[in-house]
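> Take a look at the following structure, please.
Nothing in this text is a laboratory measurement; each read-out follows from the coordinates by a stated rule. Everything quoted here is computed from the prediction, not taken from an experiment. Cβ coordinates were reconstructed from backbone atoms using ideal geometry, including for glycine residues, and neighbour counts include every protein chain displayed.
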Amino acid sequence: MKETAICENHLYAKAYKSGKKYETRTVAVYILPDRRASFLAKSHPEKIRINRLGITVSKKFGKAFERNRAKRIIRHGYRDVTRKNNVRVGFLIVIVARSAAFGAKSTDIAKDITKAFEKADMFI
């Protein structure tokens, strides 16, 4: 199933301010319970709760193509983690790329996301 993206800036700000932060070598993960998860589940065709994902990369790390590549790799790493493990649902998850993410492979980022999710107790 495709991840639902966080599109509103106020949700990013809320995750940064009120969410729990878990840092690893390549990424920082902010996790916040989603207050609209039950409403979104009602509008979902399969009536299931989902996580909403946001990925951010700072402009100081390079040009647009480098930032987009980093986002693609992070998205792939997150997808690997959610396919291999049962992840709790109903959360806003914001993943921020750190400088070590540039040049890292998706398997390295998947390991770091797994570590962050273990710290956050996101696995069922």
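> Does region 106-122 hold any residues that are surrounded by fewer than 21 Cβ atoms within 10 Å (Cβ to Cβ), within 20 Å of residue 73 (Cα to Cα), touching a strand residue (DSSP E or B) at 6+ places or on another chain (Cβ under 9 Å) and not charged (D, E, K, R), and which are they?
Scanning region 106-122 gives a single hit, 114.
> Would you check which residues across region 4-61 are among the polar types (S, T, N, Q), surrounded by fewer than 14 Cβ atoms within 10 Å (Cβ to Cβ) and assigned to a loop (DSSP other than H, G, I, E, B) and list them?
58, the sole residue that qualifies.
> Identify the residue in region 68-91 that is part of a helix (DSSP H, G or I) and of a type in the set (Gly, Ala, Ser) and, among all such residues, is nearest to the chain's Cα centre (by Cα).
Result: 77.
> Of all residues in region 46-56, which are among the hydrophobic types (A, V, I, L, M, F, W, C) and under 12 Å from the mean Cα position of the chain (by Cα)?
53, 55
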